[in-house]
Amino acid sequence: MELPNSSIQQIKTKINENTSFLDELGESVSQRCSKVQKKLNAFISFDPQFIAEQIEGIKNTVHNSKNLSLLGVPFALADNISTSEQKTTCASKFLATYQPPFDARVTSILKANGAIAAGKTNMNEFGVGCSGDSSYFKAVKNPCDTKHTSGNGAAAAVLTGAVKLSLASDALGELRQAASYCGVIAIKPTYGRISRRGLLDYASSLEQIGIISNSTGELAAVMETLFGYDPEDVSTLDAKVPAYSLMLDKNTNKIHAAVPEDWSDAPYLQDHIKILFQEQINKLEDLGIKIDLISLPHFRYASTAATIISAVEAFSNLANYDGIRFGYRGEAKHLQEMYTQTRSEGFSSKLKKFLTFGSLISTANYYHDYFLQSQKMRSLITIELDTCLQKYDLLLTPTTPFTAPKLDHPSPMNGELADPAGFYTAAANLAGLPALTFPVNGSGLPFGLHFMAKRENEIELLKTALLLEKEISFQKPEFDI
Amino acid sequence: METNTMELKYASLDARIVLTEQEEKELTEQVQKFLDMAAPMKKINLANIKPTYYGFTRQNNLRKDEVKPSLPLETSLANAPDADDSCFHVPKIVED
């Protein structure tokens, strides 16, 4: 069985036709994950025995499970999403042995719908950034060119067909940036659409679990399954979940999109991204999408404001990593020394600096000019985006100003606190808007087109992605696994 | 605005983190570079704008105030670096 070429529906049909197919499926998933791990280091936890146990479990209950929406579908979770049967390390030395006492809400939903947990994917420590250089378990290589980062393991695992879908967190755009680096589709839904229970987040007001897939139709099916109110997460939306799969096929009105007129002012914007994006605008216009250049004067400050807010929230959220109830503990003679030893030895140098920065910005000398100013900027950007999206269906930009950076030089901003990869993506997190990245063919490494839509209007993103999938002859990026 | 070493030392102390001299030097440079980059945003007059603390437009969805089972004691203690069958263990509060 060729897992990368089988759709979710085909997997389900084959299982329902013949349950012995499950053995073949389990073997195929294990082999594929093993190859991907060996070549790219995409996983932190991956255990063929655990996959085999799940296959046995499905076999024993398959007579009652035939209609489960994700029956037999292999998935991966980023290693900051809690799993009671696998470690959840946040790619940090601090949590290298941590075994969560419960499943995240998304983990429970996927398991209850018959999906197979293939492994936990690698990421930046605690999900801070997408440079691929701060995992305690070493960097993830890009499937398209192993000298480059893939941003995280979730995108690499989907592109290479190790899994059909993966979930990862997105605070300033990390999920979408990695998807852009690897040439796959990813959606960060409206804030609150997916429960964050069991996500070990670092920036609560910005961070959301998103989905990576190779296909728009499958993305729609997974969204229907994962979206919805969770009584154990006060921030989830108590809103009706649309039947995205059915709505996808319905005729769409002519799409009217806006592009910020100063989109090419992004720091470190590569020349070839500039050219490719302009080419894509022309192609979209040829498809009948009307595109206007508009003024969004404060959009350019989104990444700066989001960096400040996320650092302060990380300083606060990660305060409970103290070595008492779970995780790493440093040797110390007394309690205060234990706190500092534990945190100084358990966190990477990069994270220690980020948390200290968050602490600094929280102090009286910086609070008003930087933190409060960022929260006000957040209001202004939200108003600007809401106003823009009243008139336009979508806001269009590149996903990142550059393609996947080289691993020996993780980012053009190497050594800076603000990641310029978030220039286009952070605004959606500030305003809680849904956003999707769609891969584009280039001559070199992949890059993504980034679409933002009105709050709770994910269908507009899916319809646009489906249009591009059908009309632009997109070929999956080449890779050798 | 310039950040001095003492401010960073106090900030790391608040975060219960000890930075090495090298890390302190690197962070001082990074903070300075970041603040320079953030300077244009700082200058914008936002006096009449209210801050947003959550990208969330609806009310919190609170569940009913009903007692539900909590984690068993054994499970709660399972990840602790040092515990017995009923308590977390910590070093002495006061140094000898």
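For segment B:1-42, filtering for residues that are in a loop (DSSP other than H, G, I, E, B), surrounded by fewer than 16 Cβ atoms within 10 Å (Cβ to Cβ) and modelled with pLDDT of 95 or more leaves 1. Is it the case that A:Ser69 is part of a loop (DSSP other than H, G, I, E, B) and closer than 17 Å to A:Leu165 by Cα? So A:Ser69 passes the test.
One residue stands out in segment A:216-248 among those that are in contact with a Ser or Thr (Cβ under 7 Å, 6 or more places away or on another chain) and polar (S, T, N, Q): the one that is surrounded by the most Cβ atoms within 10 Å (Cβ to Cβ), namely A:Thr236. The residues on offer are B:Val94, B:Val67, and the sole one that is within 25 Å of A:Pro231 (Cα to Cα), among the aliphatic types (A, V, I, L, M) and open to solvent by 90 Å² or more (accessible area, probe 1.4 Å) is B:Val67.
All of B:Glu74, B:Glu95 fail the test of being of a type in the set (Asp, Glu), within 9 Å of chain A (Cβ to nearest Cβ) and within 28 Å of A:Arg325 (Cα to Cα), apart from B:Glu95. Checked against the criteria, A:Glu313 counts as among the charged types (D, E, K, R) and farther than 23 Å from A:Glu460 by Cα.
Here is a yes/no grid of residues against (1) over 28 Å from A:Asp369 (Cα atoms); (2) out of contact with any helix residue (DSSP H, G or I) (no Cβ under 7 Å at 6 or more places or on another chain):
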residue	(1), (2)
B:Lys9	no, yes
B:Ser12	no, no
B:Phe34	no, yes
B:Lys43	no, yes
B:Lys50	no, no
B:Tyr53	no, no
B:Pro69	yes, yes
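Please pick out the residue among A:Ala311, A:Ala319, A:Ala302 that is within 28 Å of A:Glu416 (Cβ to Cβ), surrounded by fewer than 22 Cβ atoms within 10 Å (Cβ to Cβ), of a type outside the set (Ser, Thr, Tyr) and more than 7 Å from chain B (Cβ to nearest Cβ). Outline the logic, then answer.
On the way: A:Ala311 fails: surrounded by fewer than 22 Cβ atoms within 10 Å (Cβ to Cβ); A:Ala302 fails: surrounded by fewer than 22 Cβ atoms within 10 Å (Cβ to Cβ).
Just one listed residue meets the conditions, A:Ala319.
In segment A:323-334, the residue that is farthest from the chain's Cα centre (by Cα) out of those that are of a type outside the set (A, V, I, L, M, F, W, C) and buried (at least 19 other Cβ atoms within 10 Å of the Cβ) is A:Arg329.
In summary, helices (runs of 4 or more DSSP H) completely within segment A:364-478 and bearing 1 or more residues that are within 14 Å of another protein chain (Cβ to nearest Cβ) and open to solvent by 20 Å² or more (accessible area, probe 1.4 Å) occur at A:373-391.
What pairs come up if the first residue lies in segment A:389-417 and is farther than 27 Å from A:Thr356 by Cβ, the second is at pLDDT 85 or above and basic (Lys, Arg), and their beta carbons are under 7 Å apart, counting only those six or more places apart or on different chains? Listed by first residue and then by second, the contacts come to A:Leu389/A:Lys454; A:Thr399/A:Arg176; A:Lys406/A:Lys147.
The values are calculated or read from the model by the stated rules, or taken from the named source; none is laboratory data. Values in this document were obtained by computation on a predicted structure and should not be read as measured data. Ideal geometry is used to build each Cβ from the backbone, glycine not excepted, and the neighbour counts take in all protein chains shown. Surface accessibility is based on the protein's heavy atoms, side chains included, excluding ligands, DNA and RNA. Shrake-Rupley method; radii C 1.70, N 1.55, O 1.52, S 1.80 Å.
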